[in-house]
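Single-structure report; data block below.
FYI, it's all coordinate maths here, none of it is from the lab. A quick note: this is a predicted structure, and the numbers were derived from the prediction, not measured. Don't worry about glycine lacking a Cβ; one is built from the backbone with ideal geometry, like all the others, and counts go over all protein chains shown.
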Amino acid sequence: MSSKNYNDIDKNSLLLGGGMGRGLLFPGSFDPFTKGHADLVERGLQLFDSIVIAVGYNENKEGWIPVEERVRALKALYANEPRVTVESYTGLTIDFAKQCGAVAILRGIRSVKDYEYEMQLADMNKQLSGIETLLLFANPQYSSVSSSIVRELAHFGKDIKPFLPEGLHYSSKK
Ligand code: ADP
């Protein structure tokens with residue numbers, strides 16, 4: 001498979017280049033963003049200089065919270081953390097990671113099920129672009145927290161606040 005080595009690309013013109021040091025791209029649907037996601041951001045920042053939270057969307061699938069609202073709420077949450085930027089993207093994560101100048105992709109693993117999926121994804125991304133994936137195990141206190149369970153709870157009228165980071169507020173949900 002022919003691919004340009006990721007290290008060959010010019011990082012200076014990119015979002016994380018020049019001034020932001022070595023940055024990670026943290027891609028996901030974040031529909032909604034949970035305490036588990038926030039924990040990964042915090043731990044990623046202990047290892048790298050900056051993180052772009054990349055809210056992925058599919059033009060044919062609206063999602064639970066509109067993508068603009070997911071981005072707005074996360075920008076507000078991290079307004080006082082200059083090392084975190086929030087962007088939306090569609091298309092291949094590796095292409096967006098290159099555009100941002102990220103040195104690696106950050107993802108999380110809660111279970112064996114996550115492991116199998118994340119391993120395939122990381123392997124494919126590495127083969128296609130040379131970009132590495134940094135996988136962090138879920139903090140045990142958040143290992144059962146998932147966006148899909150949170151959506152399910154909301155659907156049945158339960159309070160989802162305990163699962164969202166403090167200070168994160170969405171103004172529109174389905
Ligand atoms: P996607 O739709 O791309 O799987 P998600 O928004 O569900 O995106 O999750 C983004 C990343 O965060 C994934 O790598 C997922 O495994 C990880 N993740 C989700 N919830 C948790 C959690 N509670 N603890 C640690 N990692 C998590």
* **Filter result for Ala54 (touching a residue at least 40 places away in the same chain (Cβ under 8 Å) and away from the ligand (no atom under 12 Å from the Cβ))** => no
* Filter the stretch 53-101 down to residues that are part of a loop (DSSP other than H, G, I, E, B) and acidic (Asp, Glu) and give me whichever is nearest to Leu25 (Cα to Cα). => Glu81
* Structure fact -> Within the stretch 25-34, the residues that are more than 7 Å from the ligand (Cβ to nearest atom) and either in contact with an Asp or Glu (Cβ under 9 Å, 6 or more places away or on another chain) or within 15 Å of Glu118 (Cβ to Cβ) (or both) are Leu25, Phe26
* To do: Name every residue in the stretch 72-107 that is among the aliphatic types (A, V, I, L, M), buried (at least 16 other Cβ atoms within 10 Å of the Cβ) and over 13 Å from the mean Cα position of the chain (by Cα), in order of residue number.
  => Ala73, Leu77, Val103
* Taking only the stretch 123-165 into account, find how many residues are part of a loop (DSSP other than H, G, I, E, B), under 18 Å from the mean Cα position of the chain (by Cα) and away from the ligand (no atom under 14 Å from the Cβ). => 1
* Asked: Is it true that Ile94 is touching a Pro at 6+ places or on another chain (Cβ under 9 Å) and either farther than 23 Å from Gly130 by Cα or free of Cβ contacts under 8 Å to residues at least 40 places away in the same chain (or both)?
  -> no
* **Given (1) part of a helix (DSSP H, G or I); (2) over 13 Å from the mean Cα position of the chain (by Cα), number of the condition Gly44 does not satisfy** => (2)
